Each structure stands twice: as C-alpha cells, then as structure tokens.
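Visitor: Following this message is one structure expressed as structure tokens.
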Amino acid sequence: MATQNQPLLTHRAELMARLAEPCRYDIAVVGGGATGLGIALDAAARGLRVVLVESHDFAKGTSSRSTKLVHGGVRYLAQGNVALVREALQERTLILNNAPHLAQPLSFVMPAYHWWEAPFYGIGLKMYDVLAGRAGLGRTEFLSCKETLTQLPMVQSAGLKGGVKYWDGQFNDARFALALARTAALHGALLLNYCRAKSLLHEAGRVAGLLCEDQLTGQVTKIECGCVVNATGVWVDELRGQDAHAIGGEVERQTQPMVAPSQGVHMVVDREFLGGDCALMVPKTADGRVLFAVPWLGKVILGTTDTPRQDLSREPEPFAEEVEFILSESAG
Ligand SMILES: Cc1cc2nc3c(=O)[nH]c(=O)nc-3n(C[C@H](O)[C@H](O)[C@H](O)COP(=O)(O)OP(=O)(O)OC[C@H]3O[C@@H](n4cnc5c(N)ncnc54)[C@H](O)[C@@H]3O)c2cc1C
C-alpha cells in the first residue's frame with residue numbers, strides 16, 4: 001500500500017498492473033461518485049485494503065451534476081426531522097473546514113409575495129440558526145421590499161411583500177469528488193476509472209469478489225475481496241440484476257428494484273438573471289418543491305425538476321415541459 005511518503009502511481013497502465021497482482025482486498029467499491037469515493041476514503045483511512053472501480057470518469061454520474069449546495073438540511077427541517085438536520089449541519093461544517101478551497105458559505109434570499117411567507121419561513125430559518133449554533137454561517141434576517149430588491153435586483157417587484165435572507169454552503173461537486181479520490185489514493189486505496197464491474201463472484205453462497213472490465217482495452221480482471229459495496233447510484237439495480245442472473249435460484253428476491261429513478265434538470269443562464277451575489281430560493285413551486293437560482297462560475301444555475309424516468313441514460317436530455325417549468329417558476 002502507498003503511504004504519505006510514496007509517490008502516487010499516476011499512470012493507468014501501472015494501476016491496471018497493480019490490480020492484476022494477487023491481493024485479497026477488504027473492500028471492493030463499485031462506483032466512483034461521492035458515495036463510493038467517500039466510502040473508499042473512509043475505509044482506506046482506517047487501514048483497510050480498498051479497491052474502487054468506476055465505469056466512466058470519477059463523478060461522471062450525479063456527483064458532478066448537482067445544484068452545488070452543501071445544505072445543512074434546511075429541507076429536512078420542514079419535515080420535522082431534527083436529527084437529520086443536526087447530522088447535515090455537522091457534515092456541512094466538516095466539508096467547509098476540510099475543503100475551504102472547494103466549499104464556501106453562500107447567502108440565499110427568499111422573496112415573499114404573500115404576507116404570511118416571510119414570518120412562516122423566517123421563523124423556520126431562525127430555528128435552523130439555533131440548531132446550527134456555532135456551526136451557523138450567518139444570521140437569518142427579515143428583509144423589507146427595498147432590501148430584497150437590493151439583494152436581488154431582478155426579482156419581480158409587483159406584489160413583493162419583503163423577503164428572508166439566510167446562509168448555507170456551496171461547493172464544487174466534481175472537484176470535491178476528485179479531492180476525495182486523491183486523498184483515498186494517498187491512504188493506499190487503488191482507484192480505477194473506466195473500469196466497469198461486470199458481475200459479482202461468490203464462494204460458499206457469499207459474495208467474494210467481482211469481475212471488472214477495462215473499458216479502454218476490454219481486459220477482464222478478477223478482484224477478490226471480503227466485501228463488495230455497490231455504490232452505483234441510480235444504476236444500483238443493474239449490478240444487482242446481473243448478480244441475480246449469476247446466482248440463478250434467488251432471482252426473484254434479488255431483483256426487487258431498490259430505486260425509483262427520476263431526473264432533475266438544471267438550466268444555466270447569464271449572471272444578469274440574478275443581478276447580485278446572493279442565491280434565490282423559491283420555497284414552494286407549483287409541484288410543491290424548492291427551486292434555486294444559484295450563482296456559479298460567472299453564470300447562474302436554475303433548478304431543479306424531479307421527473308420519473310426508467311431508461312437510466314448516461315446523458316439524459318431535459319423534457320420540454322421541464323425547461324418550461326423552470327423558466328416559469330423562476331420568472332415568479
Ligand atoms: C438534480 C440533482 C441535484 C442535486 N443537488 C444536490 C446538491 O445541491 N447538494 C447535494 O449535496 N446533493 C445534491 N444532489 C444529490 C447528490 O448529487 C447525490 O446524492 C450524489 O451525487 C450521489 O452520489 P453517488 O455516488 O451515490 O451516485 P453517482 O454520482 O451517480 O455515482 C455512481 C457511479 O457509479 C458508476 N457506475 C455505475 N455502474 C457501474 C458499474 N457497473 N461499474 C462501475 N461503476 C459503475 C457511475 O458511472 C457513477 O459514476 C442532487 C441530485 C440531483 C439528481
């Protein structure tokens with residue numbers, strides 16, 4: 001295993017050669033998104049022998065396509081799940097402290113168009129401040145109409161009753177994932193991209209490894225391990241389905257799907273859409289969800305939607321209704 005003082009093996013051929021060496025890993029992680037990379041880092045930091053295979057590039061899936069928010073669980077507060085809010089706030093603090101170059105506080109303004117909205121959401125967000133305690137990033141403030149328009153000059157002024165400003169976090173999801181990958185490698189994990197898990201291997205009725213295929217050369221390699229973690233995100237049932245075929249008799253039980261896939265769409269528009277440095281939060285869209293307009297790399301990200309989709313495309317395209325929905329909700 002590599003240590004902090006050894007150079008990292010950066011050439012893919014060397015990594016593939018290392019994979020082919022006889023080794024029984026403690027954990028094989030399938031999927032190089034936020035979940036798989038986080039697991040690989042955690043396990044490697046505990047001294048376990050870890051290998052991770054990713055079929056495409058690291059963070060190629062959902063983990064580079066998020067709204068870029070490191071939220072401390074504000075939406076769980078609305079559901080009354082205080083324990084989850086506390087956990088999310090703790091994780092937010094860890095991310096902001098561990099990676100200040102990739103994650104920063106961001107202020108959000110929620111314009112209010114009904115008299116009850118500012119007190120209703122404002123009190124909830126004040127509770128968010130209380131729960132955050134010293135982990136808070138800034139105080140929630142009630143804004144007048146004038147202050148709301150100063151923060152967000154482009155919001156509709158007709159009917160505006162005021163607003164609420166609160167603080168949360170923002171991060172670079174793709175770069176954060178790569179930082180996790182590099183740190184896991186520093187701790188001795190072997191991570192391979194463009195290497196797809198084809199099927200699981202069994203010994204005495206238990207999972208004992210997997211076969212993976214180099215997507216660049218077609219070479220198939222056997223990985224032996226004590227445990228396989230399926231961290232393939234929305235594709236989780238694909239690998240489970242292949243496993244069901246492999247072990248025959250238990251097909252019925254094994255192929256019950258675990259996820260109900262859906263897609264979320266973002267639109268990228270010019271920075272002038274917001275006209276300021278704050279993010280915009282719409283607390284309740286026509287379909288009852290939250291919509292954000294977030295400044296990002298000189299542009300603004302608007303989103304998102306939640307549309308059931310079964311085909312699990314690697315490059316899903318937005319439906320026309322989703323584009324329409326985002327534009328109409330953002331226009332106020
Ligand atoms: C529209 C949208 C917006 C979001 N916004 C936010 C946000 O602002 N903040 C936030 O914290 N969270 C957000 N999330 C949630 C967050 O993005 C996900 O929870 C997270 O990215 C999931 O990571 P993952 O590793 O589980 O899945 P993924 O990132 O999808 O990773 C799974 C990986 O498995 C790989 N894979 C699949 N099959 C195989 C195989 N057979 N062999 C090897 N590899 C395989 C895929 O290529 C993929 O890279 C958002 C989600 C969506 C959909």
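Each value in this text was obtained by applying a stated rule to the coordinates, not by laboratory testing. Nothing here was measured: the structure is a model prediction, and the numbers come from that model. Reconstructed Cβ throughout: ideal geometry from the backbone, glycine too, with neighbour counts over all protein chains shown.
Visitor: Under the rule of at least 5 residues apart or a separate chain, name every residue whose amide H is placed under 5 Å from the amide H of A279.
Guide: S107, F108, V109
Visitor: Ok, one more. Only Lys, Arg, Asp and Glu count, each charged at its Cβ (+1, +1, -1, -1), so figure out the dipole size of the chain about its Cα centre, rounded to 20 debye.
Guide: Taking the Cα centre of the chain as origin, the dipole is about 880 debye.
Visitor: Related question: Starting from the Kirkwood Rh over alpha-carbon pairs, what translational D in µm² s⁻¹ does the range 141-182 have by Stokes-Einstein at 25 °C and 0.890 mPa s?
Guide: It comes out at roughly 192 µm²/s.
Visitor: Relative contact order of the chain, please, whole-number percent, based on alpha carbon pairs below 8 angstrom and at least 6 residues apart.
Guide: 22
Visitor: So if I take the alpha carbon set of the chain, get Rg, then get Rh from the Kirkwood formula, what is the Rg over Rh ratio?
Guide: With Rg and the Kirkwood Rh in hand, the quotient comes to 1.03.
Visitor: If each residue's Cβ is checked for other Cβ atoms within 10 Å, how do S63, S144 rank with the fewest at the top?
Guide: Arranged by neighbour count, lowest to highest, S63, S144 become S144, S63.
Visitor: What lysines could a cross-link reach from K198, if we take a straight Cα to Cα line under 16 Å and drop same-chain neighbours fewer than 8 places away?
Guide: By straight Cα distance, K198 reaches K222.
Visitor: Ranking C227, C212 by Cβ neighbours within 10 Å, fewest first, what do you get?
Guide: Details: C227 15, C212 24.
Lowest to highest Cβ neighbour count: C227, C212.
Visitor: Charges only on Cβ, +1 for Lys and Arg, -1 for Asp and Glu: so what's the dipole of the range 125-281 about the Cα centre, in debye to the nearest 20?
Guide: Details: 15 positive and 17 negative charges, 97 e Å.
Magnitude of the dipole: close to 460 debye.
Visitor: If contacts are Cα pairs under 8 angstrom and at least 6 residues apart, what is the relative contact order of the range 22-168 in percent? Could you put the intermediate results ahead of the total?
Guide: Numbers: 196 pairs, mean separation 29.7, N = 147.
Relative contact order for the range 22-168 comes out at 20 percent.
Visitor: Quick one: helix 34-45 against the long Cα principal axis of the chain, what's the angle to the nearest 10°, folded into 0 to 90?
Guide: 60
Visitor: A further question follows. What translational D, rounded to a whole number of µm²/s, comes out for the range 1-139 from Stokes-Einstein when the hydrodynamic radius is the Kirkwood one over Cα pairs, at 37 °C and 0.692 mPa s?
Guide: Reported coefficient: 178 µm²/s.
Visitor: Okay, next question. Please compute one quarter of the surface area of the Cα convex hull for the range 171-231 and express it in square nanometres.
Guide: 5.2
Visitor: Of R46, R289, how do they rank once you tally other Cβ atoms within 10 Å and put the fewest first?
Guide: Listed from fewest to most nearby Cβ atoms, that is R46, R289.
Visitor: Run the reach check for K146 against lysines, Cα to Cα strictly under 28 Å, same-chain hits fewer than 8 apart removed. What comes back?
Guide: Answer for K146, where 28 Å is the Cα cut-off: K126, K161, K165, K284, K299, listed by chain and number.
Visitor: Amide H neighbours of A208 under 5 Å, counting only residues 5+ apart in sequence or on other chains, H built in-plane at 1.01 Å?
Guide: L201, H202, E203
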